[in-house]
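Report on the following structure.
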Amino acid sequence: MKKHAVVIGSGIGGLASAIRLAHAGFDVSVYEKNAVLGGKVHSKTLGAYRFDMGPSVFTEPHLVDELLGLASKPVSFSYSLLPESCRYFFSDGQQIVLKSGTSGTKASLTNDLNEDPIAVESYLERISKNYRLLRPVFIESSLHRWSDWFNRALVPAILNIPFYGLFQSMDRWAKKRFKNPKTVQMLNRFATYNGSDPYQTPGLLSIIGHLELNIGAFFPEGGMVSISQSLIEAAKSLGVSFYEESPVSEIKHERGRVSGVCVKGKAIPADVVVCNADVHYVYETLLPGIKPPSRILQQEMSSSAIVFYWGIKKKFDALGVHNILFAEDYEAEFNAIFKEDRILSDPTVYIHISSKMEPTDAASYGENWFVMVNAPIDRGQDWPSIVTELRQQVLIKLQKQLGEDVAPWIEEEFVNDPTTLAAQYNGKAGSIYGNSSNSKMAAFYRHPNAAFRLKGLYFSGVTVHPGGGIPLAIQGAKIVERMVHADFKGAI
Ligand SMILES: Cc1cc2nc3c(=O)[nH]c(=O)nc-3n(C[C@H](O)[C@H](O)[C@H](O)COP(=O)(O)OP(=O)(O)OC[C@H]3O[C@@H](n4cnc5c(N)ncnc54)[C@H](O)[C@@H]3O)c2cc1C
């Protein structure tokens, strides 16, 4: 009889784990507390407008292709490289369109921001090289088991430590290389891709920018939700069973080994349990009687967000698929989020408009705006008042940058804040990526992909190793599969 694997949560990390374990020969069941599968990668329709509710920036699409390649029947999934990575609107009114790929980035940084072409070239090469060096050691693998240390890529990765910028902040690392504060602000933004602060996170994290700056962002046909939909289809083709509206209330264990889960009062036996839910929540709620790894769980959390989903009954040509309207004082914005638990009155605003690529995502006369502002985690702030005030500040900023009052054009509206994000996905205090990476030791304080004290218990998703974002959640599932193989030594 096949061994049974239970996956708790159907986010991208859960779906990737389900596909891999089913492909490896397990009988896999995915339990999802929500009515909709896909975790944060799901969509919502308001009137004539469709919105992707979570992620919008898509990189490394080949990782999704690789998973779909494991399906037992072809699953259609297509995407294209966006011609522009992002449109940047600086507080002094300058606007730049960052074209895709190394040549596009070079052109923007040298022509629009007057940077030295040699400095630009050397920066782009450096982050690319650092990414290639670190990827096999810290992204495709981990150093949590002794066997991982026999990785041939470890030696070159260690020899290059002086070049990673480990001992200075991302901000300092960029400032050493570029003279225009706008270039530095643009590069600092990549710290937010895992919910961190560029004035604290080490320069090493500049590798996050490599994918977008040297390659570009992709757009999946049908929007971001097509990523989760295609993965669900692939999983089903491999026999994975999905149970929606089925919250796991406890992970059962006996003599140091998981024995199953409890769902709606019913015990479900399992040989393997993979938690895709937030690791903090798992230890606090699902694992009574197990000593939590306190040092890991007490690290500073990554940021949260307030997202306005606006159906806009007008088209704005000045905006592209991805847009950033920068705060004037970026450092003050991060200090406010991480040190004062508040949002600056002039925050950076990100706008994603999928209808620029998929016109059916909006009314024929309009656009679907996903308007996101980074926010502190929930510590009991008065969120309804904060949201009301922020909405006004965002509208003022838009009027300044677009020369028009957007408020009268808002036809549909929905809002998420840290409390709703926390409640929807069981994420700790609404933090999006678990622990922040605001220290050089952060990577070592991220929970590994297997439990310390319980055999048969594994983790995948953005709150555990290797970290935040869709590509990393998929890589984490690959590490889980390798660990399961090693632990079961072919007895699957
Ligand atoms: C506003 C926002 C913007 C983002 N932007 C980007 C972006 O542009 N690019 C990017 O790559 N990433 C982005 N992210 C992060 C992105 O959402 C994740 O990288 C990705 O979705 C992977 O998530 P995950 O695998 O950790 O699972 P999640 O999506 O967090 O899913 C976990 C699942 O577990 C379920 N669950 C929790 N508890 C239980 C329980 N007890 N029983 C059963 N099920 C349970 C939850 O309901 C949820 O469905 C963004 C996130 C947010 C919120």
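The values are calculated or read from the model by the stated rules, or taken from the named source; none is laboratory data. This structure is a prediction, so every number in the text was calculated from the model and none was measured. Here the Cβ is made from the backbone with ideal geometry for all residues, glycine too, and neighbour counts use every protein chain on show.
For the reader, a short list of remarks on this structure follows.
- Number of residues in the stretch 233-266 that are within 27 Å of residue 53 (Cα to Cα), among the acidic types (Asp, Glu) and more than 13 Å from the ligand (Cβ to nearest atom): the value is 1.
- Meets criteria (closer than 25 Å to residue 304 by Cα and not in a helix (DSSP H, G or I)) for residue 40: yes
- Among the residues of the stretch 94-103, the ones that are under 20 Å from residue 317 (Cβ atoms) and either buried (at least 17 other Cβ atoms within 10 Å of the Cβ) or without any contact (Cβ under 8 Å) to a residue 60 or more places away in the chain (or both) come to 4 in all.
- Subset of the stretch 237-269 that is aliphatic (A, V, I, L, M) and assigned to a loop (DSSP other than H, G, I, E, B) - its residue that is nearest to the chain's Cα centre (by Cα): 240
- Pairing each residue of the stretch 374-389 that is assigned to a loop (DSSP other than H, G, I, E, B) with any residue that is modelled with pLDDT of 95 or more and charged (D, E, K, R), provided the two are 6+ apart or on different chains, yields C-beta distances under 6 Å for 376/341; 379/341.
- The lone criterion from (1) in a helix (DSSP H, G or I); (2) touching a residue at least 24 places away in the same chain (Cβ under 8 Å) left unmet by residue 461 is number (1).
- Scanning the stretch 69-78 for residues that are surrounded by fewer than 19 Cβ atoms within 10 Å (Cβ to Cβ) and either within 11 Å of the ligand (Cβ to nearest atom) or touching a residue at least 12 places away in the same chain (Cβ under 8 Å) (or both) gives 70, 72, 73, 76, 78.
- Filter pass, residue 124 being part of a helix (DSSP H, G or I) and in the same structural domain as residue 443 (by TED's automatic domain parsing): no
- Residue check for residue 38: among the small types (Gly, Ala, Ser), near the ligand (Cβ under 8 Å from one of its atoms) and either touching a Gly at 6+ places or on another chain (Cβ under 7 Å) or in contact (Cβ under 8 Å) with a residue 60 or more places away in the chain (or both): yes
- Remark: residue 430 matches the filter, which requires a residue to be closer than 19 Å to residue 341 by Cα and not charged (D, E, K, R).
- When 287, 213 are checked against the criterion of being crowded, with 22+ Cβ neighbours inside 10 Å and of a type in the set (A, V, I, L, M), 213 stands alone in meeting it.
- For the stretch 466-492, the set of residues classified as surrounded by fewer than 24 Cβ atoms within 10 Å (Cβ to Cβ) and more than 12 Å from the ligand (Cβ to nearest atom) consists of 478, 481, 482, 483, 485, 486, 487, 488, 489, 490, 491, 492, listed by residue number.
- Subset of the stretch 104-134 [touching a Leu at 6+ places or on another chain (Cβ under 9 Å), among the β-branched types (Val, Ile, Thr) and free of Cβ contacts under 8 Å to residues at least 60 places away in the same chain]: 120
- Matching residues, the stretch 390-426, being of a type in the set (Gly, Ala, Ser) and either more than 16 Å from the ligand (Cβ to nearest atom) or touching a residue at least 24 places away in the same chain (Cβ under 8 Å) (or both): 403, 407, 422
- No other residue among 437, 431 is modelled with pLDDT under 95, within 21 Å of residue 468 (Cα to Cα), small (Gly, Ala, Ser) and within 16 Å of the ligand (Cβ to nearest atom) apart from 437.
- Members of the stretch 327-341 that are more than 14 Å from residue 395 (Cα to Cα), away from the ligand (no atom under 15 Å from the Cβ) and either aliphatic (A, V, I, L, M) or touching a residue at least 40 places away in the same chain (Cβ under 8 Å) (or both): 328, 330, 331, 332, 333, 334, 335, 336, 338, 341
- The test for being touching a residue at least 60 places away in the same chain (Cβ under 8 Å) and within 15 Å of the ligand (Cβ to nearest atom) holds for residue 230.
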